[in-house]
Every structure is written in structure tokens, then in C-alpha cells.
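A short worksheet on the structure shown next.
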Amino acid sequence: MEDDWDGIAEWYAELVRGGSAMHRFSRDILLKALPVNVIGLDVLDVGCGEGIVSRGLAGLGARVVGVDPTRALVAHAEAAERANPTGAVYRVDDGSSLQTVPDDSVDGVTAALSMNNIADLDAALKSVRRVLRPGGFLVFTVPHPCFEAPATETISTPGGVRRAVGDYFAEGLWRSTHPHSVRRAGNYHRTISTYVTAVLGLGFVLRSLDEPAPSDEVRAEAPHRLGLPPFLVISATFQ
Ligand SMILES: C[S@@+](CC[C@H](N)C(=O)[O-])C[C@H]1O[C@@H](n2cnc3c(N)ncnc32)[C@H](O)[C@@H]1O
């Protein structure tokens, strides 16, 4: 049977809780790309998973709601909140519709490594636009589309360990065959231009597009990351 998010939820929660350097890095680069100080702001964290980014936002002083369709991950986020209260609240909801979130109700939206799990990017961005107050922001990260494209692999060469880029133009659903990859649950590959065109096409103003170099901690955990950005970070606002 193929993996899905319900199937890998316990594994994923344990991975993040276990102190995964990649997930700490992913959280830190997203928080660094926030275009404003979030103290006292209402921030929605889409695809919050077990809550690592929601807790980070709450730690910066935001009023946070985290939503995710994977019930088991929401339960983990709630359990973490009960153990160490930050003020973040969590709900089961799908990023493509955000049915539980009223129009014009938040100052900012974050989505850490979740937009690539949503089949309909335009629907997700329209939902973000609907719930944002005027001037609100959207910051999201995705696995770097160039180096995490379908059929990309790590290979040994005489010059060292390298990423051999696979099918960059093969947009759509794909599954990693690696038993320890998050993307074995299935995710949607899109080119960088698809992401940027969608964001601009829906009227967002692009504030920054970053490709942060892996931290020392990430390079120690995953030496094949040396010299390559693991994630793409897009920061935009809506007037
Ligand atoms: C790689 S995890 C990231 C979780 C969390 N943001 C983090 O940084 O650890 C991807 C998340 O996307 C969620 N997801 C899957 N389908 C989704 C959808 N349609 N809308 C929103 N989130 C979705 C999964 O349940 C999972 O929590």
C-alpha cells in the first residue's frame, strides 16, 4: 500500500520532535523571511504538522492558529501545546479551502513545506488571499524545486558526493522511493517559475525569494547538502 500523510504522521512527528536539523533549519529560515515584526499579529500556519513553526511564531509574539488536514499531526501539536503552552491553537483544515478560517481575519500566513503537499496551488493561494487582511503577508517554504525534483538522486563522483538532478519539468504528483524520505507520502513538484507566476498572478507582491545555504548542523546531518540550498523561501504581501 502507498504511504500517505495519515500513514507517516507518527514517524514524522517523531522525526521533528527528535530534533531534526533540517526541520529546525526550515523553521528558522521561514521565521527569518517574515516581512514584519509579528508581535500581537494574527498568523495562520497552513500545514502546521506537529507545530514546530507555529510554536516558533508564538515565541515571536504572534497569535497563532495552525491548521492541517492530518488529524494525528494536529493531535501531536495540541499535546505539545498542553505540555508547554505557547498560546497557539490548532484545527483540522485543508490548505486548499481553509474552510474554518473567516475572510479577512489574519495578518499573515505561513506554510512550511506544505504548499508542495497541496494538489491545487491556485486554490491554496486564493484561500490565503481570502483570509488575509489588506497588507497581510504570505511566507512559505518548499523543498528546493531544482534539487528535490522527481528522480533526483545523490551520487558519488570522482569530485565528491553530488546531486544528480532528475526531471525538473515533470510537474505533478510524485513519490520518493526512499524509505526515510518525507516525500514518500506523495507531493507535488512545481518549477520555481510556476510558484512565482502563481503568486504574482493572484496579485501578491513578491518581497523576497531566498535559497539559504544549509547550516553547519544540516551539513553535519546530511553531508550531500553541502553547496546546495535545501529549500526555497518565498515572501509576499497582498494589498
Ligand atoms: C513536510 S510536512 C510540514 C509540517 C510542518 N509545517 C513542519 O514544518 O514540520 C507537510 C505537511 O503538509 C500537510 N498537508 C498535506 N496535505 C495538505 C493540505 N491539503 N493542506 C494543508 N496541509 C497539508 C501534511 O499533513 C503535513 O503536516
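Nothing in this text is a laboratory measurement; each read-out follows from the coordinates by a stated rule. Computed from a predicted structure; not experimentally measured. So basically every Cβ, Gly included, is an ideal-geometry build from the backbone, and we count neighbours across all protein chains shown.
In the neighborhood of E217, defined by Cβ-to-Cβ distances under 12 Å, what is the net charge if each Lys or Arg adds +1 and each Asp or Glu adds -1? Let's see the in-between values first.
Numbers: positive: R24, R219, R225; negative: D28, D216, E221.
Net of charged neighbours comes to 0.
For the range 163-178, the Karplus equation 6.51 cos²θ - 1.76 cosθ + 1.60, evaluated at θ = phi - 60°, returns couplings of 8, 9, 6, x, 8, 4, 7, 7, 6, x, 5, 8, 10, 5, 8, 6 Hz by residue, with Gly and Pro reported as x. Per-residue ellipticity at 222 nm computed for the chain from its helices equals -9000 deg cm²/dmol, with DSSP H segments shorter than 4 residues left out and the rest contributing -39,500 (n - 2.57).
Given a Förster distance of 22 Å, report the FRET efficiency between E2 and S193 from their Cβ-Cβ distance, rounded to the nearest 0.05. According to the calculation, E is roughly 0.15. Label-to-label distance for Q99 and I39 is 3.9 nm, based on points extended 7 Å past Cα in the beta-carbon direction. Judged by the mean number of other Cβ atoms found within 10 Å, the most tightly packed of the peptides 17-23, 36-42, 232-238, 95-101 leads the ranking 232-238, 95-101, 17-23, 36-42. Derived scalar couplings between HN and Hα for the range 232-239 equal 10, 10, 10, 10, 9, 10, 10, 7 Hz in order, rounded to whole Hz, by the Karplus curve 6.51 cos²θ - 1.76 cosθ + 1.60 (θ = phi - 60°), x for Gly and Pro.
So what is the relative contact order of the chain, in percent, for Cα pairs below 8 Å that sit 6 or more residues apart? Working shown, then result.
Values: 492 pairs, mean separation 46.4, N = 239.
Here the relative contact order equals 19 percent.
In a fully extended conformation the segment linking A83 and L200 would gain 38.1 nm over its present Cα-Cα distance, using 0.36 nm per residue.
Each label point was placed 7 Å from the Cα along the Cα-to-Cβ direction; for W11 and L226 their separation is 2.8 nm.
What FRET efficiency comes out for the pair A170/D122, r = Cβ-Cβ distance, R0 = 30 Å, nearest 0.05? Intermediate values should be presented prior to the final figure.
Values: r = 19 Å, r/R0 = 0.64.
In this case the efficiency is close to 0.95.
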